[in-house]
Amino acid sequence: MSASLPATDLSAASLLRLIWLASPALPVGGFSYSEGLEAAIESDRITSEAGTADWLSDQLHLSQARADLPALAQAIVSWREGDLARAAALNAWVLHTRESSELRLQTEQMGRSLTDWLRNQYADAPHAQPRITALAGMNPSYPIAFALACALAEVPAREALMAAAFGWAENMVQAAIKAVPLGQSAGQRILARLAREIPTAAEHALTLGDDQRQSFTPMLAILSAQHEAQYSRLFRS
């Protein structure tokens, strides 16, 4: 499953900043979460490469593409236009749609870490500081913080969504490699499948307005709640 997206002019500086934002090396702690995957493995819902690939594909299209990615795209516009009230409303929506305590804590922790990173990166950029201060004051979720990072880097929304989705996919595949467990080659095959599907997910997310965004993944919520009390865990979610 793939989509042909039109080319977008992206400066070298913006492209490199986007690659940096999508990197697992970004110090926001994404590597420490599995977003219910570990609980799915513990309950034998996921036991193989094929099962892992299907699970993550479903999560990409049913969760990321319908909730966080469209919120991220809309928040980029808000930050660019200086519409702080709109950015705060989108942030509140993200926080209210976390269906377990650990998923809420995850987006809050990653949002705060990315806000701190932005504050350091743009310490000598007076034009950026009011928006970073506004972000810090709204208990930032990760998608809304990522949106500000992309707005400051002058990254188009479509490319921002694909980078965010790929960063998510890379963290999730690494979690699966450790927890299923899987070999590195299996992980790369899963990542290749997700990379083929990400353009379609991003294109769908860009079409959604406020009335179409949704966060409805009941099994993921159940597994996340179970993970909070799981006896032995590698990951924080």
Multiply the residue separation of residue 16 and residue 226 by 0.36 nm, subtract the distance between their alpha-carbon atoms, and state the gained length in nm to one decimal. 71.7 nm
Taking K and R as +1 and D and E as -1, what net charge do the other residues with C-beta under 12 Å from the C-beta of residue 216 add up to? +1
Where Rh denotes the Kirkwood radius from the mean inverse Cα pair distance, what is Rg over Rh for the range 1-108? 1.00
About the Cα centre of the range 46-228, how large is the charge dipole given +1 on each Lys and Arg Cβ and -1 on each Asp and Glu Cβ? Please answer in debye to the nearest 20. 120 debye
Helix-only [θ] at 222 nm, the chain, -39500 (n - 2.57) per DSSP H run of 4+, per residue, nearest 500, equals -20500 deg cm²/dmol
On average over all directions, what projected area in square nanometres does the range 78-143 have, based on the convex hull of its Cα atoms? 4.1 nm²
Relative to the chain, whose Cα atoms define the longest principal axis, helix 218-228 and its Cα axis are tilted in degrees, nearest 10, by 80 degrees
Say a paramagnetic label sat at a point 7 Å from the Cα of residue 116, along Cα to Cβ; which residues of the range 22-41 have their backbone N under 12 Å from it? 27-29
Where Lys and Arg each count +1 and Asp and Glu each count -1, what net charge lies around residue 64 among other residues with Cβ under 11 Å from its Cβ? -3
Residue exposure sequence - 127, 227 - by fewest surrounding Cβ within 10 Å: 127, 227
Determine, for each peptide in 115-124, 87-96, the mean count of other beta carbons within 10 angstrom over its residues, then list the peptides with the highest first. 87-96, 115-124
Output the 0 to 90 degree angle, nearest 10, between the alpha-carbon long axis of helix 12-22 and the longest principal axis computed from the alpha carbons of the chain. 40 degrees
Calculate, axis by axis, the spread of Cα positions in the chain along the three principal axes, and write the results as whole Å, longest axis first. 51, 38, 35
Chymotrypsin sites (Phe, Trp or Tyr not before Pro) within the range 136-237, DSSP loop, no more than 11 other Cβ atoms inside 10 Å: 231
Give a residue-ordered list of calculated ³J(HN,Hα) values for the range 152-163 (Karplus: 6.51 cos²θ - 1.76 cosθ + 1.60, θ = phi - 60°; whole Hz; x for Gly, Pro). 5, 7, 6, 9, x, 4, 4, 5, 4, 5, 5, 5
Net charge around residue 9, counting only other residues with Cβ within less than 14 Å of its Cβ (Lys, Arg = +1; Asp, Glu = -1)? -1
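FYI, it's all coordinate maths here, none of it is from the lab. Because the structure is predicted, anything quoted here is derived from the model rather than measured. So basically every Cβ, Gly included, is an ideal-geometry build from the backbone, and we count neighbours across all protein chains shown.
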